[in-house]
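The next block holds one structure in the form of structure tokens; read it before the comments.
The values are calculated or read from the model by the stated rules, or taken from the named source; none is laboratory data. Just so it is clear, the structure is predicted and the values come from calculations on it, not from any experiment. Cβ placement follows ideal geometry from the backbone for every residue including glycine, while neighbour counts extend to all protein chains displayed. Please note that ligands, DNA and RNA were not included when accessible areas were found on the heavy atoms of the full protein model with its side chains. Shrake-Rupley method; radii C 1.70, N 1.55, O 1.52, S 1.80 Å.
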Amino acid sequence: MTAHAPTPLPRLAAALRRLPPSVGPVRLVAVDGHAGSGKSTFARRLAEALGGAPMLRLDDLATHTELFAWTERLRHQILDPLSRGETAHYATYDWHERRFGPADTPLPPAPVVLVEGVGAGRRALRPHLAAVLWMDVPHEEAWQRGRRRDGTVQSDFWDGWEPAELQHFSGDPSRPFAHLLVRQCPEGYEVIRGPGVTPAGTEFVTEGEGPSAVR
């Protein structure tokens, strides 16, 4: 496999800003990948490169009994208001209390809004997405990372999660439709063209710039 030089995140951020809006005035960008693949860390760094872009974590919409059945919740609470250029408000799920809190978490219609989580690039959302970024880590490796991160206290959850995730992606895969693949490397991240059609204006992010990569 040909090695790719790290991609500076500000360069990727600039490319995403140039994409056409995908829902109202917003460029909604998905950061998808297997659990444990590093989505949250990458999305947080990308949000910083975007100047503090708002981010929706799908863990806030999923529940113990609805690991992947959050599409309608996202549509009504997030997509509908953003499509009107309004600030969305949603309730976040408390994974310890096993219930939703008050619906007072705001998500403003910024130029770029990130949606991060397993299944963010799913079929039902792709018409509303400006770009799908896939954390390119095999599921076995990602799950091992996740289990190490969460420790034995979450082993029962992982035992149930793994087959549920496999079932989801077997019926509704995201990677084949990803515009860009994100791979972590010692110097930062390399972003390369994905299997999906790369959005106009983002092709150049695959050109390496060596030591200027964001770490």
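Some values worked out for this structure:
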| quantity | calculated |
| --- | --- |
| Filtered GluC sites (Glu not before Pro), the stretch 79-143: DSSP coil and at most 11 other beta carbons within 10 Å | E97 |
| Shape of the chain, Cα gyration tensor, a/c cut at 1.5 | oblate |
| Cα gyration tensor shape of the stretch 82-146, rounded if a/c is under 1.5, else prolate or oblate by comparing a/b with b/c | oblate |
| Trypsin sites (Lys or Arg not before Pro) restricted to the stretch 69-171 and DSSP loop, no more than 10 other C-beta within 10 Å | R98 |
| Global form of the stretch 1-117, assessed from the alpha-carbon gyration tensor, a/c cut-off 1.5 | oblate |
| Euclidean distance of C-alpha centroids, the stretch 78-96 and the stretch 123-200, integer Å | 23 Å |
| Rounded to whole Hz, the Karplus (6.51, -1.76, 1.60) HN-Hα couplings of the stretch 100-110, x for glycine and proline | 7, x, x, 7, 10, 8, x, 9, x, x, 6 |
| Helix-derived mean residue ellipticity, 222 nm - over the chain, DSSP H n ≥ 4, -39500 (n - 2.57), to 500 | -7500 deg cm²/dmol |
| Accessible area in square angstrom per residue, the chain, 1.4 angstrom probe | 47 Å² |
| The stretch 4-157: antiparallel DSSP beta bridges as a percent of all, rounded to 5 | 35 percent |
| Most fluctuating residue given options D150, D80, D172, as computed from a GNM of the chain linking Cα atoms under 10 Å | D150 |
